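Below is one structure, written out as structure tokens, with a few remarks after it.
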Amino acid sequence: LMVAAIWLTLRKLEKLSPRALLAGQALQESDSAGTNSARRPRLVALACFVLAACLLAAGWGAEGSAQAGSFFGAAALLLVGALAWFRSMLLAPSRQPLEGGRGALWRLGVRNGARFPTRSVLSAALVASAAFIIVVVALMRHDVTSQEPNRDSGDGGFRFIATSDLPLYQNQLDGLKGIYAFREKPGQDASCLNLYQPTEPTLLGAPPALIERGGFAFQGTLAETPEEEANPWLLLEKKFPDGAIPVFGDLNSVMWILHLGLGKMLDVEDAAGHKRTLIIAGLLSRSIFQSELILSESNFLELYPDRGGFNLLLADTADPNDGLALEEQFADSGLDAQTTADRLAGYLVVENTYLSTFQTLGGLGLLLGTFGLAVVMVRNVLERRSELALLQAVGFGRPSISRLVLAENAFVLVFGVMIGAGAAVLGSLPQLLSGLADPPWASLAMTLALILAVGLLAGAFAARTSLNQPLLPSLRRE
């Protein structure tokens, strides 16, 4: 990138005349060529806006990753379109004379951004892109602690999940309503809480009642029939030609911990020590089963007939006190019940921690980028020393000239932050409307405010540096 930047700079300097180079000119005078050159970026902006509207219309009725992809694509197009429109405005600035008044200096400073449109657009693009990434990452945080059970969500509509140290048997569970008991073959944790790749993940045997009931949110399945599409749990009882046993796993665990995917195979040993092949037939989305792989109870008993009893319970209940009642009833078996929301929150701790880290590093990157932007601001002011000296000579005071320079820099900074943050909010709209988002609004606002403050201080420093230069030499160069 650095070599490319040097090469492009030299190409531009080659096109300048010797007189322009001797005068210290670094850009062509045709950089702002008027209305004709503004037509192309304006067409690009309109095309981006139309495509963004189409993606929003398509994504509004979609679900899951399709909806997220549509909104994120629309946000990216909106960002590009806003920058293209900004360039078209700079290339064809208003020709109306500025009248006096309290805001005249600020309006003049904003118009000065058209002096070098390419430089202004690149400065705005730097801030806008960084702000876009920072805000998008911040808005990805989840808070499920207050989430109510939903049949089509990661908790499957269950309020409690309970695990026992000793197996529970059918005669102990008779008479309990809304309880779904899973057989368990202990293994390694397959969730993001495990730092290592598991070779023998924990397996759960789903009862027939749960397969008939259905529920949970799926990211993808191998469903082929309308019945399997309506209730993907029927896939767990499907017979594959190669004898592979279908299993379900959470998307994040399967992809990032097991390094597998939909339709991929995993070999395990059965109770007799023989190698058996499992096939990933379904991917659950943000589910409570991030630590395990699920197969049907009949297939589970075929693999592990020596595993008697049940070690995991799901409770479909509306009473928030049923969890404590279960613990008291099966205290001798070491039963521990927790809400499904708490279990999901435990998995999301890692994800939210990474997001906080990325947000901090992104803010630091944007801050460093703003220092680079400060160099550009200082260069702009130094190239305009003769103009500022002329303003002083005709009676403008130093405070007025400082406000003029500050207005130009503030306009570019604020515009970049606003379109970057606005596009990010649009791209994260499905997440915000879901009610599960938990954005750190305070730290996010502080990060963006710090960026603006550093940029404005850099602009003020640039103005002060220029105004401290001798007046007569700058005027003589004119």
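For the stretch 253-274, a tally of residues being free of Cβ contacts under 8 Å to residues at least 24 places away in the same chain and assigned to a loop (DSSP other than H, G, I, E, B) returns 6. Of the listed requirements (1) under 26 Å from residue 156 (Cα atoms); (2) part of a loop (DSSP other than H, G, I, E, B), residue 279 misses just one: (2). Among what's in the stretch 408-460 and is exposed (fewer than 15 other Cβ atoms within 10 Å of the Cβ) and farther than 27 Å from residue 352 by Cα, pick the residue that is nearest to the chain's Cα centre (by Cα). Per the criteria, the residue is 453. The test for being surrounded by 14 or more Cβ atoms within 10 Å (Cβ to Cβ) and among the acidic types (Asp, Glu) holds for residue 387. Of the residues making up the stretch 352-366, just one is open to solvent by 70 Å² or more (accessible area, probe 1.4 Å) and over 15 Å from the mean Cα position of the chain (by Cα), namely 364. Of the residues making up the stretch 186-193, at least one is in contact with a helix residue (DSSP H, G or I) (Cβ under 9 Å, 6 or more places away or on another chain) and surrounded by fewer than 19 Cβ atoms within 10 Å (Cβ to Cβ). The single condition among (1) open to solvent by less than 30 Å² (accessible area, probe 1.4 Å); (2) under 30 Å from residue 52 (Cβ atoms); (3) not basic (Lys, Arg) that residue 376 does not meet is (1).
Condition check for residue 308 on (1) open to solvent by 20 Å² or more (accessible area, probe 1.4 Å); (2) assigned to a helix (DSSP H, G or I): one failure, at (2). Looking across the stretch 312-351, the residues that are part of a helix (DSSP H, G or I), open to solvent by less than 20 Å² (accessible area, probe 1.4 Å) and in contact with a strand residue (DSSP E or B) (Cβ under 6 Å, 6 or more places away or on another chain) come down to 323, 326, 333, 340, 348. Which residues, counting only those in the stretch 208-233, are surrounded by fewer than 18 Cβ atoms within 10 Å (Cβ to Cβ), part of a loop (DSSP other than H, G, I, E, B) and of a type outside the set (Val, Ile, Thr)? Scanning the stretch 208-233 gives 214, 222, 224, 231. Looking across the stretch 177-207, the residues that are in contact (Cβ under 8 Å) with a residue 12 or more places away in the chain, under 14 Å from residue 291 (Cα atoms) and not in a strand (DSSP E or B) come down to 186, 187, 189, 190, 191, 192, 193, 194, 197, 198, 200. Selection of the stretch 266-284 for residues being aliphatic (A, V, I, L, M), under 16 Å from residue 202 (Cα atoms) and open to solvent by 50 Å² or more (accessible area, probe 1.4 Å) yields only 271.
Meeting the requirement of 3 or more residues that are under 24 Å from residue 355 (Cα atoms), the helices (runs of 4 or more DSSP H) wholly within the stretch 54-163 are 64-91, 117-139. For residue 236, state whether it is touching a residue at least 60 places away in the same chain (Cβ under 8 Å), in a helix (DSSP H, G or I) and of a type outside the set (Val, Ile, Thr). When the stated conditions are applied, residue 236 passes them.
The values are calculated or read from the model by the stated rules, or taken from the named source; none is laboratory data. Values in this document were obtained by computation on a predicted structure and should not be read as measured data. Because the Cβ atoms are built from the backbone with ideal geometry, glycine has one as well, and the counts that use them run over all protein chains shown. In case anyone asks, the SASA skips ligands and DNA or RNA and just uses the protein heavy atoms, side chains included. Shrake-Rupley method; radii C 1.70, N 1.55, O 1.52, S 1.80 Å.
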